[in-house]
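**Student:** The structure that follows is given in the form of structure tokens.
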Protein chains: 2
Amino acid sequence: MNQMAGKQSVLFQNPVKILSHACAGGKKEGEGPLGKKMDLIVEDPMFGQENWEESESQFVKAASEIAIRKAKKKKEDVRIAYCGDLLGQLIASSFGIKQLQIPFYGVYGACSSMGVTLSIGAMTVNGGFADLALAACSSHFASAEKEFRFPLGYGSQRPYSATWTVTGAGAFLLNQDKGAVEIKGITTGKIKDYGVQDPFNMGACMAPAAADTIYQSLEDFQKKPEEFDRIITGDLGAVGQRLLFTLLGDNGIDITKNHMDCGMKIYDSEEQDTHAGGSGCACSALVLSSLILPKLTSGEWTRVLFVPTGALLSQVSSNEGRTIPSIAHAVWLETTKPKK
Amino acid sequence: MNQMAGKQSVLFQNPVKILSHACAGGKKEGEGPLGKKMDLIVEDPMFGQENWEESESQFVKAASEIAIRKAKKKKEDVRIAYCGDLLGQLIASSFGIKQLQIPFYGVYGACSSMGVTLSIGAMTVNGGFADLALAACSSHFASAEKEFRFPLGYGSQRPYSATWTVTGAGAFLLNQDKGAVEIKGITTGKIKDYGVQDPFNMGACMAPAAADTIYQSLEDFQKKPEEFDRIITGDLGAVGQRLLFTLLGDNGIDITKNHMDCGMKIYDSEEQDTHAGGSGCACSALVLSSLILPKLTSGEWTRVLFVPTGALLSQVSSNEGRTIPSIAHAVWLETTKPKK
């Protein structure tokens, strides 16, 4: 059964549903505007573990367990798990999912990973390969700073274009039958590279990828921007948002009225001193679970294009002076409630 | 359409076919017993680039381009690419696939990545989400030593249980219609951790994962070991193979007669001084393209269980003194030729 749409998209003839979801955040995330909507806030950045990476794995485990409990399922009922994070060799995901003993494929899309896990998870369920799939993602401020920038102990100054990596994890259970929100379609992104090399300005790196995927998604689904209540990018932040508007505007597409960026929602950037906004796999994941899905479930929004964005750099590629290629993946989410 | 089999497997009602495949290897791989069957041997370890990581990306690009050319397709015809490698943040895959501009999801399964890309690629094609999908993997001796052990310049001694990371990449085009070999089913592995911490003894780390997945695969597909011409692990090497036989033997399963390990096939370990054998994502990928698929295509073999194995460690997890969890994924391959 051909379910391809346009050049890069899939339109599910029988949409996949989100059976349950959960998110766990750190102290700073709990103090932000969405904190009260999160399932678990862990004040201790170490989550009772010996290091930041193990802490991040505990966030993966905790969010997944809560999502499974909310669905009144057992971990043995979950047929397959897709999980991703920012760390080298995905150790946060591996050490987290290991504790659940769910059959597992690791994915990497940097901060776009929530788009990757949801997309592949939805295909897996829709094709009849799993009756229940877990899509999860995590990031951790301290493990990410150590991985990509400088150890926290150095006390480095951060420029205003820098974003703050979100600590936490989100977990989403997908199935074919039940759920208030469905995945109608997906658009797989291509890697874009405009030659930006500054790891403190991820927004500028990722905006071209976001623009490209949003453009292609609208083309493939034959939709106008205003047919979505919101078009929601992952973590472009304030700097990347301006660039996104310009790039799409050059192609005759105006999303200024209904654009939202997860990175600009998760913190109060004035109060919380987070500069350009939040970032990390958990940024999209936490905002999806604590803000986007609740609004779709309540019927306040009907249709959303969720577009997590990722910067595909590493310590090694940065040290070698290479550019920062980026990617964005789109997931079309819609309420399953009949319209009033 | 429910296509689940047993606890962890998928049995495709309409098997996915391998339309074309290619592999590119380095100098040492070219000098090994399979060298003559490889599509491209690149003598220069830098592949004309400025560093090892960029070299590895060129292997990804080259193998993919050859596979596409063999299928008489253009890169624009490839609907989706899954690719993985060993490096932090998958930079070999990203910088390689970037040059092809194919919609892309990155995956990580360490040296099991060839199992991940083939499995997810097969599900993507079978579900009607893509009419042509690319599954690829790479590794590079020098980039891997730098990432996981010591920079080559240190001239470190290697113990006999150590394996040699294969330089190269393999690429496989999947479709529903044409091909001499088909993917009949897949088994998604669970992460196993027996507490081994020695990064110079990957075989011992990975054997429990291989044993678990092979056991479950045989159960789920209701097959006996002897119904497969070969059961082929990724890169256990000589040390891991002995452990695998013991672990499966304890469960009443004897694969000693038809087991093969890619890591023990790619080099002449006496002549080439590679100790326990080859490893890396490219080990399984190159042996699949240069040995396994040709034997299935010629009809010498009819049915094979291909089980790439991966050790899920990182520099950071090793430095923190943590164990090395492992995973293995199984792919059931079969000739499409009618039996004589």
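**Student:** Given Cβ point charges of +1 (Lys, Arg) and -1 (Asp, Glu) and nothing else, what value in debye, to the nearest 20, does the dipole of the protein assembly as shown about its Cα centre take?
**Tutor:** Values: 68 positive and 74 negative charges, 433 e Å.
It comes to approximately 2080 debye.
**Student:** Find which of B:GLY170, B:VAL116, B:LEU152 sits farthest along the positive direction of the dipole of the stretch B:105-194, computed with +1 on the beta-carbon of Lys and Arg, -1 on that of Asp and Glu, about the Cα centre.
**Tutor:** B:LEU152
**Student:** Over the stretch A:79-142, what percent of the accessible surface lies on carbon and sulfur atoms, probe 1.4 Å? Don't skip to the end; give the middle numbers.
**Tutor:** Details: 300 of 550 Å².
After summing per-atom areas, the C and S share lands at 55 percent.
**Student:** Aspartates and glutamates within cross-link reach of B:LYS36: Cα-Cα under 16 Å, excluding same-chain residues under 8 positions apart?
**Tutor:** B:ASP268
**Student:** What number, rounded to the nearest 500 deg cm²/dmol, is the helix-based mean residue ellipticity at 222 nm of chain B, given -39500 (n - 2.57) per DSSP H run of at least four residues and division by all its residues? Intermediate results must be reported in sequence, preceding the final value.
**Tutor:** On the way: 11 runs with 110 residues, N = 340.
Result for chain B: -9500 deg cm²/dmol, rounded to the nearest 500.
**Student:** Could you tell me the largest-minus-smallest coordinate of the C-alpha atoms of the stretch B:1-146 on each of the three principal axes, in descending order and whole angstroms?
**Tutor:** Sorted from largest, the Cα extents of the stretch B:1-146 read 49, 33, 32 Å.
**Student:** Quick one: of the DSSP bridges fully inside the stretch A:1-109, what percent are antiparallel, nearest 5?
**Tutor:** Roughly 25 percent of the beta bridges in the stretch A:1-109 run antiparallel, per DSSP.
**Student:** At A:LEU40, label 7 Å along Cα→Cβ: distances to the other copies, nm, ascending?
**Tutor:** Nearest to farthest, the other copies are at 4.7 nm.
**Student:** Looking at chain A as a GNM with Cα springs under 10 Å, which of A:GLN315, A:GLN216, A:GLN197 has the largest mean-square fluctuation?
**Tutor:** Fluctuation is largest for A:GLN315.
**Student:** So, in nm, how far is label B:LYS337 from label A:GLN99 when the simple model puts each one 7 Å beyond its Cα toward the Cβ?
**Tutor:** According to this spin-label approximation, the distance is 5.2 nm.
**Student:** List, shortest first and in nm to one decimal, how far the label point of A:GLN101 (7 Å from Cα along Cα→Cβ) is from its counterparts in the other copies.
**Tutor:** For A:GLN101, the inter-copy label distances come out at 4.9 nm.
**Student:** What Cys residues in the protein assembly as shown are without a partner cysteine, judged by a Cβ distance under 4.7 Å?
**Tutor:** A:CYS23, A:CYS83, A:CYS111, A:CYS205, A:CYS262, A:CYS283, B:CYS23, B:CYS83, B:CYS111, B:CYS205, B:CYS262, B:CYS283
**Student:** If you don't mind, there's one more thing I want to ask. Give, rounded to the nearest 20 debye, the magnitude of the charge dipole that the stretch A:110-192 has about its Cα centre when Lys and Arg contribute +1 at Cβ and Asp and Glu contribute -1 at Cβ.
**Tutor:** On the way: 7 positive and 5 negative charges, 74 e Å.
Using Cβ point charges on Lys, Arg, Asp and Glu, the stretch A:110-192 gives about 360 debye.
**Student:** Sticking with this structure for a sec: Per-residue accessible area for B:ARG79 at 1.4 Å probe radius, Å² rounded to 10?
**Tutor:** Per-residue accessible area (B:ARG79): approximately 30 Å².
**Student:** While we're here: Counting DSSP beta bridges with both partners in chain B, what percentage is antiparallel, nearest 5?
**Tutor:** Just about 65 percent of them are antiparallel.
**Student:** Would you give the gap between the C-alpha center of the stretch A:250-277 and the C-alpha center of the stretch B:96-119, rounded to a whole Å?
**Tutor:** 31 Å
**Student:** Sequence neighbours fewer than 8 away in the same chain don't count; with that in mind, list the lysines whose C-alpha is under 20 Å from B:LYS257.
**Tutor:** B:LYS223, B:LYS224, B:LYS265, B:LYS295
**Student:** On to the next question. Could you report the protein assembly as shown's accessible area per residue, 1.4 Å probe, as an integer in Å²? Show your work: numbers first, answer last.
**Tutor:** Details: 23110 Å² over 680 residues.
Here the per-residue accessible area is 34 Å².
**Student:** Can I get the semi-axes of chain A's equivalent ellipsoid? Compute them from the C-alpha gyration tensor as square roots of 5 times the eigenvalues, in angstrom, largest first.
**Tutor:** After diagonalising the Cα gyration tensor, the semi-axes are 27, 25, 18 Å.
**Student:** Classify the stretch A:15-75: rounded, prolate or oblate, from the alpha-carbon gyration tensor (a ≥ b ≥ c, eigenvalue square roots; a/c under 1.5 rounded; otherwise prolate if a/b is larger than b/c)?
**Tutor:** Numbers: a/c = 2.64, a/b = 1.44, b/c = 1.83.
Note, shape of the stretch A:15-75 comes out oblate.
**Student:** Could you give the size of the charge dipole of the stretch A:1-121 about its Cα centre, using +1 on the Cβ of each K and R and -1 on the Cβ of each D and E, expressed in debye and rounded to the nearest 20?
**Tutor:** On the way: 15 positive and 13 negative charges, 149 e Å.
The dipole magnitude comes to about 720 debye.
**Student:** Further, regarding this structure: With a/c under 1.5 counting as rounded, go ahead and sort the stretch A:177-300 into rounded, prolate or oblate using the C-alpha gyration tensor (a ≥ b ≥ c being the square roots of the eigenvalues; past the cut-off, prolate if a/b is larger than b/c, else oblate).
**Tutor:** Details: a/c = 1.73, a/b = 1.12, b/c = 1.54.
It is oblate, given that a/c is not under 1.5 and a/b is not larger than b/c.
**Student:** I need to check one value: relative contact order of the stretch A:260-307, counting alpha carbon pairs closer than 8 Å and at least 6 residues apart, in percent.
**Tutor:** Numbers: 30 pairs, mean separation 13.5, N = 48.
Contact order relative to length: 28 percent.
**Student:** Now for a separate question. With unit charges on the beta carbon (Lys/Arg positive, Asp/Glu negative), name the residue among A:PHE129, B:ASN14, A:PHE200 whose Cα is farthest towards the positive pole of the charge dipole of the protein assembly as shown.
**Tutor:** B:ASN14
**Student:** In addition: With a 1.4 Å probe on protein heavy atoms only, work out how much accessible surface B and A bury together, total over both chains, in Å² to the nearest 100.
**Tutor:** Details: alone 14230 and 14210 Å², together 23110 Å².
Using a 1.4 Å probe, the pair buries roughly 5300 Å².
**Student:** If the viscosity is 1.567 mPa s and the temperature 4 °C, what Stokes-Einstein diffusion coefficient in µm²/s follows for the protein assembly as shown when Rh is the Kirkwood radius over Cα pairs?
**Tutor:** On the way: Rh = 24.3 Å.
D = 53 µm²/s.
**Student:** Just want the answer: with Cβ charges of +1 for Lys and Arg and -1 for Asp and Glu, which residue in B:LEU34, B:LEU312, B:ALA67 is farthest toward the dipole's positive end in chain B?
**Tutor:** B:ALA67
**Student:** How much accessible surface area, in Å² rounded to 10, belongs to the heavy atoms of B:TRP52 with a 1.4 Å probe?
**Tutor:** Accessible surface of B:TRP52 is approximately 70 Å².
**Student:** Could you pull out every whole DSSP H run in chain A that spans at least 15 Å of Cα extent along its own axis and averages -1.0 or higher on the Kyte-Doolittle scale?
**Tutor:** Values: long enough: A:52-70 (27 Å, -0.62); A:113-126 (19 Å, 1.07); A:202-221 (28 Å, 0.38); A:237-250 (20 Å, 0.76).
What comes out of the filter, once short or polar helices are dropped, is A:52-70, A:113-126, A:202-221, A:237-250.
**Student:** Mind telling me which of B:VAL16, B:VAL125, B:VAL316 comes out most flexible in a GNM of chain B, alpha-carbon contacts under 10 Å?
**Tutor:** In this elastic network of chain B, the residue with the biggest mean-square fluctuation among B:VAL16, B:VAL125, B:VAL316 is B:VAL316.
**Student:** How large a share of the accessible area of the stretch A:296-340, in percent, is made up of carbon and sulfur atoms when the probe is 1.4 Å and the other protein chains stay in place?
**Tutor:** Working: 780 of 1540 Å².
For the stretch A:296-340, the apolar C and S fraction of the accessible surface comes to 51 percent.
**Student:** Could you grab the relative contact order for chain B? Cα pairs under 8 Å, six or more apart, rounded to a whole percent. Each step should come with its number before you reach the end.
**Tutor:** Numbers: 898 pairs, mean separation 82.8, N = 340.
After rounding, I find 24 percent.
**Student:** Under a cut-off of 17 Å between alpha-carbon atoms, report the lysines in cross-link reach of B:LYS192, not counting same-chain residues fewer than 8 places apart.
**Tutor:** Excluding near neighbours in sequence, the set is A:LYS61, A:LYS75, A:LYS98, B:LYS7.
**Student:** Nearest-5 percent of antiparallel DSSP beta bridges in the protein assembly as shown? Intermediate values should be presented prior to the final figure.
**Tutor:** Working: 77 of 117 bridges.
Restricted to the protein assembly as shown, the bridges split so that about 65 percent are antiparallel.
**Student:** Another question about this same structure. Which whole-number percentage describes the relative contact order of the stretch B:9-69, with Cα contacts under 8 Å and a sequence gap of 6 or more?
**Tutor:** Working: 57 pairs, mean separation 19.9, N = 61.
Relative contact order comes out at 33 percent.
**Student:** Between rounded, prolate and oblate, where does the stretch A:109-229 land on the alpha carbon gyration tensor, with a ≥ b ≥ c its root eigenvalues, rounded for a/c under 1.5, else prolate if a/b exceeds b/c? Don't jump to the answer; show the numbers that get you there.
**Tutor:** Values: a/c = 2.68, a/b = 1.49, b/c = 1.79.
The shape class here is oblate.
**Student:** Let me ask something else. Please arrange A:LYS75, B:LYS17 by accessible surface area, largest first, computed with a 1.4 Å probe and ligands excluded. Don't skip to the end; give the middle numbers.
**Tutor:** Values: A:LYS75 75, B:LYS17 30 Å².
Final ranking, largest accessible area leading: A:LYS75, B:LYS17.
The values are calculated or read from the model by the stated rules, or taken from the named source; none is laboratory data. Worth saying up front: this structure is predicted, and the values here are computed from it rather than measured. Here Cβ is always computed from backbone atoms with ideal geometry, including for glycine, and neighbour counts include all displayed protein chains. Heavy atoms of the whole protein, side chains included, go into the accessibility calculation; ligands, DNA and RNA do not. Shrake-Rupley method; radii C 1.70, N 1.55, O 1.52, S 1.80 Å.
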